[in-house]
Every structure is written in C-alpha cells, then in structure tokens.
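Heads up, the thing below is written out as structure tokens.
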Amino acid sequence: MIGMFPLAHEQVNYRKAGGIVPFRQLSNRVAADSVAAPAAEADRPIEQRNHSEVSEFILLGLSNKPEQERFLFFFMLMYLITVLGNLLIILAIRIDTRLHTPMYFFLSSLSLFDICFTSTTIPKMLVNHISKNKVIPYSMCLTQTFFFSWFIGTDSVLLASMAYDRYVAICAPLHYTMIITPRVCVFLVAVSWIWTCVNSLIHTTSLNRLSFCGHNEIHHFFCDLSALIKLACSDTFINDLLIYTVGGLTAIVPFIGILLSYIHIFVAVLRIPSAVGKRKAFSTCGSHLTVVCLFYGTIIGVYFSPTSTHTAQKDTAVAVMYTVVTPMLNPFIYSLRNNDVKGALRLLLTRKSGLYCGYETWV
C-alpha cells in the first residue's frame, strides 16, 4: 500500500514528449512563468494590454478651487434668465400675429434651440455642485455629448438660414414672398435638425468605439467631445479626422453661407441712395450679425485653433461664452434692437397681468 505513493525523498519523474522532466524542475519552471507573465504584459503596447474599462467619468467643473465655485450661483441665475428670456420671445411671437413672418419664425426656432442647448449642460453642472458628486456615468456622458453636438450644430445651420432670409429680404424684396414661403421655412428648419442629428450621431458612434482606461477626470463642466478624445487610450486618428471633416462641414458651410449673404447685403445697402434707407436696412441685420459674431467667434477659438495653445482653463472659459452667455444675450439682442419684438413683449406681459384692454378677445 505504501509502495503505491512516492516518498518525500524520492524524485518523481513525469513523462513529457521528448523526454522525462523531473517534478522539481517542472515546479520551478511553473513558478518562473508566473513571475515572467506580468513583466511580459508590461512590455506589450498599451492597446494590447487588458484594461478595466472606465464605467464613469468625473467632471471637475469650472475650477478645482472651492472659492471660485461660488460663481456657480451666477450660472444658475444666467440659466434662469436664458430659459425665461427665450421662452418670452417664443410666446410673444406666437401671440402677436404681426410677427407671423419668416424672420420671426426663425427667431422663435433659435430661441427654442437655445433653451435645449443650455439645458443639456447647465442643469447637470448645478446638480453636481449641489450634491457634491461630480461623477457622471459613461452612458450619460455619451448622451450629453450627442445632444450637445446636435444642438450646437443646429444653431449654426439655423443662423445661416436666418442670414439667407435677410439676404432675400434686402437684395430681392419684390420676390421675397415667392422665395421665402412657409414651406421653405419649415424645410430649412427640418434640414438643420436632420443634418446636425446625423453629424452628432457619427461623432458619438465613433467615440463609443474608443477605449477609456485609467484616467477618467474631465477638465470641463460637461462631456465635451474634444475633452473625451484626449482621455482615450486607443487610437483617435479617425475621431480627429471626423472633427475636421464632418464636424468642420457643419460649422464652415453655414459660416460661408452667412459670409456670402452679408457680402451681398452690404453691397446692396451701399447702393441705397438715402441715409434713412441704409439705416433701416442695417437695423434689420444688426441683431443677427451680433449673434453670429458671438457664436462663431467662440466656436472657432475652441475647436479650430492649434491644440498647442489649448489649456483647460482657456477652453472652459470660452465654452462658458457659447454655452451660457450667448444664449442668454440672444433675447436681449433681438428685443432691445427691435421695436416689433418689444411691442409684442409688452403685449404679452400686459395680457398676463390682465391690464391689456383687449384681453377678452384672446380668451
């Protein structure tokens, strides 16, 4: 019975193809392999290693300094002004039948998009600050990136549609009603939605194929596309290419359309003999041109400047301009410089307070 088992001092041999390997040598070889495996794994390229995928990101917000986060109160105030101001513009245009024209149809659409645009980023930032929890799940981060890219692209295309409307109104006033019909207005707004939705879907899909491992802190107050690409540990060549091609077309093509429209407008206005006519023509374009400069100036500064000049603080400050400040200023720019909008707002406010003498005709 004892002879069936090897004694401790006996050398046990195991048969292997090509010869007999002693048991002690076999165990030493297994131990050496277990030590060498991690070292070999470390020598492999980073794309080939086994990483634990990131399931959430940390939005560092506007600043890592607690004393500077007190300014978040002003962001909440600006967000409320943005929503209320743009909502008043929409309601005023809806109520006043004198404003049921293509120009104000585009303006009400822009106000709606601005509300959606700011609501994509600011509420989440405020919730993170109040709850002291800066974590955002991976799926929610991609969703925020999708809607942010969608609405910012829609703003860009819609501003080009508004420039085309002004071009026809000034350069071809006799044919305006035949060219800018209600069907054309709806078509231009629908194209802005569909085009930019496809563009955003392409960027989000390509972003989803990237691998995120290790570092998951985003130096921003929302999930910005360029900030996420910087965190990826896999090859981002395709993503960078898409930003400068597909994304560039969504920004550059409308910008070129706006530029060409205003070149023709300026040439047409200079041909007007009276100073009053020139002033009136420029007044219809001044508000739109101001919004275009604010919007495109900040966008170009962030996404189309050399990456060597980018810093987290600079990108965040510029992002605040086009995500918060510009949508907040739009209602003031269009209302303060437009007597028709101011009249409609007064009509809306007096109607709501019950002071409007013709209130009974609206109910």
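The values are calculated or read from the model by the stated rules, or taken from the named source; none is laboratory data. Since this is a predicted model, take the numbers as computed values, not measurements. Reconstructed Cβ throughout: ideal geometry from the backbone, glycine too, with neighbour counts over all protein chains shown. The protein model used for the area step is the full one, side chains on, heavy atoms only, and it has no ligands, DNA or RNA in it. Shrake-Rupley method; radii C 1.70, N 1.55, O 1.52, S 1.80 Å.
Key figures
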read-out	value
Number of the exception - S192 against (1) of a type outside the set (A, V, I, L, M); (2) closer than 21 Å to F295 by Cα; (3) exposed (fewer than 14 other Cβ atoms within 10 Å of the Cβ)	(3)
Flag for I152 being closer than 26 Å to T290 by Cβ and of a type in the set (V, I, T)	yes
Failed item, numbered, when C171 is tested on (1) of a type outside the set (D, E, K, R); (2) modelled with pLDDT of 95 or more; (3) touching a His at 6+ places or on another chain (Cβ under 6 Å)	(2)
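Rundown of residues vs (1) at positive phi; (2) loosely packed, with under 13 Cβ neighbours inside 10 Å; (3) in contact with a Gly (Cβ under 7 Å, 6 or more places away or on another chain); (4) touching a residue at least 12 places away in the same chain (Cβ under 8 Å), yes/no style:
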| residue | (1), (2), (3), (4) |
| --- | --- |
| C197 | no, no, no, yes |
| L207 | no, no, no, yes |
| H219 | no, no, no, yes |
| C233 | no, no, yes, yes |
| I243 | no, no, no, yes |
| G247 | no, no, no, yes |
| P254 | no, no, no, yes |
| L259 | no, no, no, no |
| Y262 | no, no, no, yes |
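Rundown of residues vs (1) open to solvent by 60 Å² or more (accessible area, probe 1.4 Å); (2) of a type outside the set (A, V, I, L, M, F, W, C), yes/no style:
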{"residue": "T121", "(1), (2)": "no, yes"}
{"residue": "V135", "(1), (2)": "no, no"}
{"residue": "Y138", "(1), (2)": "no, yes"}
{"residue": "T143", "(1), (2)": "yes, yes"}
{"residue": "F148", "(1), (2)": "no, no"}
{"residue": "D155", "(1), (2)": "no, yes"}
